[in-house]
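Working notes for the structure below.
A short reminder: the numbers here are calculations on the coordinates, not readings from a lab. Keep in mind that what you see is a predicted model, and the values were worked out from it rather than measured. Using ideal geometry, Cβ is built from the backbone for each residue, glycine included, and neighbour counts are taken over all protein chains shown.
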Amino acid sequence: MPLRCASDDPPLPWTPRNARRYARSVRWRSNRYDELGGRLLQKRRFRRTTDSSHDSPIAPNIVARDFAPATANEVWAGDVTYIATGEGWGYLAILLDLHSRRVVGWALSATNDTQLALAALRRAVASRHCIPAGLVHHTDRGSPYASADYRAALDAYGMTASMSRRGDCWDNAVSESFFATLRAELVDHENYATRRAAEKAIGDYIDRFYNVERLHSFLDYVSPIEFELRLTSPRLRHSQLCPPRRGRISRGGRVR
């Protein structure tokens, strides 16, 4: 099946409702264009942050490039990228629900470590309140995701780990595509004085624009949240209403 990435943007089916949604999306990009003094919002290549040189266990590639699960909370995909700031590098970890392309969890830190990955995971679980047992959690082979603490957290949440093949970015193409879009529309055109400034700007982009307003060809030209509301499944409804699991995950990834 050909890959369809979240950044694809072919012509929109022109209905009055889509016209209004598209206008808001274009207005945001136009404002960014003006703020940048007329520089085009173009995608740039970026270095990888994966350290797969470790002896931790590697999960099988369960997803196998099937990036279109039938329901929400069936497959989440995660990755990490770097962000330049005046204080030095920051690292952004994200988790996407592949059903809707919604960013369900994210975190930014000065270090690319297990704590960063756990922070994004905790935010994702909190955003869904609770998740069905067996949710597939797909990432690359980076050491944070393969660490004992992270694997313990996945076990505690009832998630099943899946990992890309070594050195194959296409096995996690949707996460890579999100980072390319984030850079094209925001990060590559900013000079963040601090990591806190980067965190605020990226948080606003994700929570106020990308999840809520940005149109996706993969989703029939609606935003991730609107797509979820249109096609709310019993599983997603349960995840929004059911009580949280007993116990909680400590900063080290253990249940307590």
For GLU87, what residues show an amide H to amide H distance below 5 Å, using hydrogens built from the backbone and excluding near sequence neighbours? ARG195
Antiparallel DSSP bridges in segment 44-241: what percent, to the nearest 5? 70
Taking the Cα centre as origin and putting +1 on Lys and Arg beta-carbons and -1 on Asp and Glu beta-carbons, what dipole magnitude results for segment 99-152, to the nearest 20 debye? 240
Calculate the dipole size of segment 44-241 relative to its Cα centre from +1 charges on Lys and Arg beta carbons and -1 charges on Asp and Glu beta carbons; express the result in debye to the nearest 20. 100
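If Lys and Arg each add +1 and Asp and Glu each add -1, what is the summed charge of the other residues whose beta carbon sits under 9 Å from the beta carbon of ALA59? Please list the in-between numbers first.
Values: positive: ARG141, ARG151; negative: none.
Counting the neighbours of ALA59, the net charge comes to +2.
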